[in-house]
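S.K.: The structure's right below; bear with me while I get my questions together.
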Amino acid sequence: TYCCINCIHVLPDLKYLEKKYPNELVVIGCHSAKFDNEKETENIRKAILRYEIEHPVVNDSQMRIWRSLGIRSWPSLLVVDAEGNACLLASGEGNREYLDELIGKLIKYHKAKGTLDETPIRFDLERHNAKPKSLRFPGKVLADEASNRLFISDSNHNRIVVTSLDGKLLEVIGAGSIGTKDGKFAEAQFDHPQGMALDGDKLYIADTENHMLRVADLKAKTVTTLAGTGEQARSRIYQGKLNKLALNSPWDLSIVDGWLFIAMAGPHQMWSHKLGSDEIQAYAGSGMEDIQNGAFPLAAFAQPSGIATDGKFLYVCDSEGSAIRKVAIDTEGNGEVTTVVGPYDMPGGAALFEFGDIDGVGKKARLQHPLGVAYQDGALYVADTYNHKIKHVDLKTEKATTWLGDEEGDRLTPNPRLSEPSGLTIANGKLYVADTNNHRILTVDLKTKETKEFTIAGLAPPKNRFAETDTFPNDVPATKASPQTVKAGKAATIKVKLHLPDDYKVNPLFPMSFRLEAKEGQTLIPAEQLTGKQKATGKDKTASLELALTGNTGSTPLQIALTYGYCREGKGGVCKVKTTRWNVPLSVTKDADSSEIVLSVPKE
């Protein structure tokens, strides 16, 4: 699922394997949802963008693939060899080395046998269709009335944006690239940061996917590392020195009386650090994933992801349990954990599957994967993330009611709509909302509920670190085509005849596309025609594309690449993707008889 912390943790392993075996390994994600919100294809598409996934993902919304393969837990990894044999079914995270060893052996075996197809496969990534945004999946917000500042974790831009409470851009912390580099604001690096906490001029940052805690000195304008090694913790060591103990997905932060409290999503615990000391440790939670009340060492959390405080208690969004927890502030370790809203103390982990969208009191109310929470005047405002709503919780009565939002969307009036809001903060009578999937921050008047988009003048996205990945497929072997001559004018047509293996047909569901590349300085083809992929028209085993021309005459070498899908039906049915590349000597003349560039895919 796209919310499960264990599933999130296997994505770096898959990226490692995809990079190590680019021509031998194909990864296919199968999304079998836990939450209702995750069954929607559009929400999965947004998650693919948020997690920067580079392999195809199938929406198994009815869990048919799950059942047919006998899957029992999230995440599970199935290794299938070149002849279609299932070789391994591994569950959980931390299997990178095991998978790497097995894949290496399978590659060696099938290369020797001659059964391994190493033809490169290219996928058109969702992110190449995404328009640049000044904010990209902002995860958390933190307002400070005293200094008139708002801090925004611009999570997918790997930076922190600092503004005034009315939208004036003050600082950008981070270069926008992924890494662990400390240093000046313009040089520092993060990896999808989330929650923040402020203590004077020190901004503490949960650098979630670096598994680190960072500190931004707002006076010196520098970033340093407080805790973590940059590697995900694999052991169950829950206490140690700041710079030696590995952490596991810190998601949100809060400071009370000189103590930094951390929602440590990975091990399903709350952690703490006494500011000024060199120790960090688990604060509450056994490490078992569940919603169980009790004393600190016995209580169980399920991926805590948001914190608010009234100075006496921590109020925690326990996202996988769809509950709001109440954690005593007792640094002697004698406190207890209770549940304000949502299910708890159910046998066999059943509380993890008791989610929904029901207003009510205490354990009768239902949320769906809440990620953000803010406290104000005896009440909580909860980002009920997968219900796309803000809920109001009266702490005296424990009554939860819908406060803002009715269904997923992006409109502001009437009846504002949100898309997976994840962070909340309050200042000057306004609720600031990280409307994550809409790539924006909203302000909501606490009295009137008037909702506005929070605009930040002058904020630009960082340099696109993915721009170089959408390039011409030079790794595909080229076929030298016969010289082609077309008539000068506004356009010509590229036509490619597809020769498919016996029993195969063109896959009409696969987005067939061309990519073009010409010699720098040529004047025959407009530059915009040579940028990115071009949608092809497919008909009767023929792919075609209208090629814009400038009207000039002359010659240039033109490289043409076509990517298409084809399938074999019936028993042993399989679908494949292929990219074919041609080097075409192209001439454009005024007296040419044809306006077509005719090519043919070589027979297999």
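The values are calculated or read from the model by the stated rules, or taken from the named source; none is laboratory data. Computed from a predicted model, the values in this text were never measured in an experiment. Ideal geometry is used to build each Cβ from the backbone, glycine not excepted, and the neighbour counts take in all protein chains shown.
S.K.: Could you give every pair whose Cβ atoms fall below 7 Å, whose first residue belongs to region 38-65 and is free of Cβ contacts under 8 Å to residues at least 60 places away in the same chain, and whose second residue is surrounded by fewer than 19 Cβ atoms within 10 Å (Cβ to Cβ) and in a loop (DSSP other than H, G, I, E, B), counting only separations of at least 6 or pairs across chains?
M.R.: 39/61; 58/28
S.K.: Still on this structure, I have one more. Considering only residues of region 513-531 that are closer than 13 Å to residue 548 by Cβ and within 30 Å of the chain's Cα centre (by Cα), which is modelled with the lowest pLDDT?
M.R.: So the residue we want is 531.
S.K.: Let me ask something else about it. Hey, can you tell me all the residues within region 148-181 that are of a type in the set (Asp, Glu) and within 23 Å of residue 263 (Cα to Cα)?
M.R.: 154
S.K.: I'd like the full set of residues that are surrounded by 18 or more Cβ atoms within 10 Å (Cβ to Cβ) and either more than 27 Å from the chain's Cα centre (by Cα) or part of a loop (DSSP other than H, G, I, E, B) (or both), limited to region 363-378.
M.R.: If the condition is that a residue be surrounded by 18 or more Cβ atoms within 10 Å (Cβ to Cβ) and either more than 27 Å from the chain's Cα centre (by Cα) or part of a loop (DSSP other than H, G, I, E, B) (or both), then 363, 365, 367, 368, 369, 370, 371, 375 are the ones that fit.
Matching residues to (1) over 30 Å from residue 285 (Cα atoms); (2) of a type in the set (S, T, N, Q); (3) more than 19 Å from the chain's Cα centre (by Cα):
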position: 148; (1), (2), (3): yes, yes, yes
position: 158; (1), (2), (3): no, yes, no
position: 181; (1), (2), (3): yes, no, yes
position: 190; (1), (2), (3): no, no, no
position: 193; (1), (2), (3): no, no, no
position: 226; (1), (2), (3): no, no, yes
position: 235; (1), (2), (3): no, yes, yes
position: 238; (1), (2), (3): no, no, yes
position: 242; (1), (2), (3): no, no, yes
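S.K.: Collect the residues in region 128-148 that are in a loop (DSSP other than H, G, I, E, B) and at pLDDT below 95, keeping them in residue-number order.
M.R.: 130, 131, 132, 133, listed by residue number.
S.K.: A follow-up question, please. Is at least one residue of region 87-107 surrounded by fewer than 18 Cβ atoms within 10 Å (Cβ to Cβ), out of contact with any Leu (no Cβ under 8 Å at 6 or more places or on another chain), among the small types (Gly, Ala, Ser) and modelled with pLDDT of 95 or more?
M.R.: Checked region 87-107: at least one residue is surrounded by fewer than 18 Cβ atoms within 10 Å (Cβ to Cβ), out of contact with any Leu (no Cβ under 8 Å at 6 or more places or on another chain), among the small types (Gly, Ala, Ser) and modelled with pLDDT of 95 or more.
S.K.: Would you pick out the residues in region 292-315 that are in contact with an Asp or Glu (Cβ under 6 Å, 6 or more places away or on another chain) and of a type in the set (A, V, I, L, M, F, W, C)?
M.R.: Matches in region 292-315: 295, 300, 301, 302, 307.
S.K.: Identify all residues within region 335-362 that are of a type outside the set (D, E, K, R) and assigned to a strand (DSSP E or B); write none if there are none.
M.R.: Passing the criteria: 337, 338, 339, 340, 341, 358, 360, 361.
S.K.: Of the residues in region 197-255, how many are within 19 Å of residue 159 (Cβ to Cβ), surrounded by 14 or more Cβ atoms within 10 Å (Cβ to Cβ) and among the hydrophobic types (A, V, I, L, M, F, W, C)?
M.R.: The qualifying residues number 14.
S.K.: Looking at region 475-529, what strands (runs of 3 or more DSSP E) fall wholly within it and have at least 3 residues that are closer than 14 Å to residue 555 by Cα?
M.R.: Those strands (runs of 3 or more DSSP E) span 484-487.
S.K.: Then there's this: Can you tell me which of 186, 216, 220, 175 is farther than 25 Å from residue 135 by Cβ and either at pLDDT 95 or above or part of a strand (DSSP E or B) (or both)?
M.R.: None of the other options fit; the residue is 220.
S.K.: A follow-up question, please. Is at least one residue of region 527-547 of a type in the set (A, V, I, L, M) and more than 22 Å from residue 129 (Cα to Cα)?
M.R.: Checked against the condition, which is being of a type in the set (A, V, I, L, M) and more than 22 Å from residue 129 (Cα to Cα), region 527-547 yields no hits at all.
S.K.: Can you tell me which residue is surrounded by the fewest Cβ atoms within 10 Å (Cβ to Cβ) among those in region 159-172 that are part of a loop (DSSP other than H, G, I, E, B) and in contact (Cβ under 8 Å) with a residue 60 or more places away in the chain?
M.R.: Going through the qualifying residues, I end up with 167.
S.K.: Determine the pairs where a residue that is closer than 24 Å to residue 310 by Cβ, located within region 389-413, has a partner that is in a loop (DSSP other than H, G, I, E, B) and among the acidic types (Asp, Glu) with Cβ atoms under 7 Å apart, the partner being 6 or more residues away or on another chain.
M.R.: So the pair list comes out as 400/359; 401/359; 402/359.
S.K.: List the number of the failed condition for residue 446; all other conditions in (1) more than 28 Å from the chain's Cα centre (by Cα); (2) without any contact (Cβ under 8 Å) to a residue 60 or more places away in the chain hold.
M.R.: Only one criterion in (1) more than 28 Å from the chain's Cα centre (by Cα); (2) without any contact (Cβ under 8 Å) to a residue 60 or more places away in the chain is unmet by residue 446, namely (2).
S.K.: Could you tell me whether region 44-55 includes any residue that is surrounded by fewer than 19 Cβ atoms within 10 Å (Cβ to Cβ) and in contact with a Pro (Cβ under 8 Å, 6 or more places away or on another chain)?
M.R.: no
S.K.: Using beta carbons and a limit of 9 Å, which pairs, at least six apart or on different chains, have the first residue in region 509-532 and touching a residue at least 24 places away in the same chain (Cβ under 8 Å) and closer than 13 Å to residue 560 by Cα and the second one part of a helix (DSSP H, G or I) and hydrophobic (A, V, I, L, M, F, W, C)?
M.R.: 515/530; 516/530; 517/530; 518/530
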